[in-house]
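**Q** One structure coming up, written as structure tokens, with questions to follow.
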Amino acid sequence: MFGKLVGPDLVEMIEGREFAALRLSVMALTPPTVAEVFADMSPEHVAVLFRVLPRGFAADVFEYCPFEVQESLLKSLGTEQVAAVLNEMAPDDRTALLEELPATATKRLLELLSPVERRIATELLGYPEKSVGRIMTPDYVAVSPGWTVAQVMEHIRRVGQDKETLNVIYVVEERGELIDDLRLRELVLFDPQAKLSEKMDRQFFALRADQHQEEAVKAFKDLDRVALPVVDSAGILVGMVTVDDALDIAEEEVTEDIQKMAAVQALDAPYLGVGLGTMIRKRALWLSLLFVGEMLTLTVMGYFEHGLEKAAVLA
């Protein structure tokens, strides 16, 4: 709806080549709002508008765009711009995009990533589908138990700018084993000269990378946390999951349940872009089950029809 309100003005600026004013107008909006505007614009105008945005802001907007818009943008942008956007994206959002694309396209896009980002993307894609490893991000802050609180705070100031959340700091042994997690609000109240080892209780909860995503949703409900660490089978810290990722999974589960109640199965593609064969395959099973269930209901009703008539007379 918002896109239909501001979209015509932006299109007018594009056609008038008022790129400076266009950039200022778009930068005044939030990334989710710009993504909403993109959804109501033609691919050609979206491509032009995307090119005038600063790299970091463009990457933020890209993460909020529907998959159809993301796919269209990847086709319209040059190799250098695609590489810039992918390298700026959050690892978990980038993994979600790569999962949706055909294998050949995923391979091509992985080649555009920097060596560090390619390693991260490859590791995330290597986890089983619907596992916690697919939604985790490696953008966490890890510290050593031998550090003082002052050293920890200095480390946070130095590396925390690009991290997804700073609410929770993870304490790891030398080989990377997770031994505790500390909330930032606890750290700021500690004596700056105290060592973390003196303040730790070694009581923490961690998800495993191979667990199902639904277990992560349940853990967030039970523990009331904004982020949870993710470890491998050896207890090595490999990432973390934030509550917004869990909310996305919960929303998908509710959507799937509603679709099943309506006797449909998720199409995993735009409705108008699904072929007849796929549509029949997705719908036929659930409709058949409903038909069989209705027949059983009628059969049972017919069997007890005489008794029901008597009950009606008594009533």
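The values are calculated or read from the model by the stated rules, or taken from the named source; none is laboratory data. In this text the structure is predicted, and so the values were computed from the model without any measurement. Glycine gets a Cβ as well: all are built from the backbone with ideal geometry, and neighbour counts include every protein chain shown. The accessibility values were calculated without ligands, DNA or RNA, using every heavy atom of the protein model including side chains. Shrake-Rupley method; radii C 1.70, N 1.55, O 1.52, S 1.80 Å.
**Q** Could you name the aspartates and glutamates in cross-link range of Lys107, using Cα to Cα under 13 Å and dropping any fewer than eight places away on the same chain?
**A** Cross-link targets: Glu99.
**Q** Send over a whole-number figure in Å² for the accessible area per residue of region 1-50, probe 1.4 Å.
**A** Per residue, region 1-50 has 57 Å² of solvent-accessible surface.
**Q** Treat every Asp and Glu Cβ in region 1-92 as -1 and every Lys and Arg Cβ as +1, leave all other atoms uncharged, and give the resulting dipole magnitude about the Cα centre to the nearest 20 debye.
**A** So the dipole magnitude of region 1-92 works out to roughly 220 debye.
**Q** When the accessible area of region 34-170 is split by element with a 1.4 Å probe, what percent falls to carbon and sulfur?
**A** 51 percent
**Q** Could I ask something else about it? Calculate, for region 165-231, the solvent-accessible area per residue in square angstrom, rolling a 1.4 angstrom probe over the heavy atoms of the protein chains.
**A** 58 Å²
**Q** Here's a follow-up. Leaving out same-chain residues fewer than 8 places away, which aspartates and glutamates sit with a Cα under 12 Å from that of Lys199?
**A** Answer for Lys199, where 12 Å is the Cα cut-off: Asp180, Asp181, Glu186, Asp191, listed by chain and number.
**Q** Counting other Cβ atoms within 10 Å, which GluC sites (Glu not before Pro) in region 121-223 have at most 15 and lie in a DSSP loop?
**A** Hits after loop and neighbour filter: Glu129, Glu173, Glu174.
**Q** Let me ask something else. Tabulate in residue order the Karplus-calculated ³J(HN,Hα) for region 189-202, using 6.51 cos²θ - 1.76 cosθ + 1.60 with θ = phi - 60°, rounded to whole Hz; enter x for Gly and Pro.
**A** Computed from phi, the couplings for region 189-202 are 8, 6, 5, x, 8, 6, 7, 4, 4, 7, 10, 7, 10, 6 Hz.
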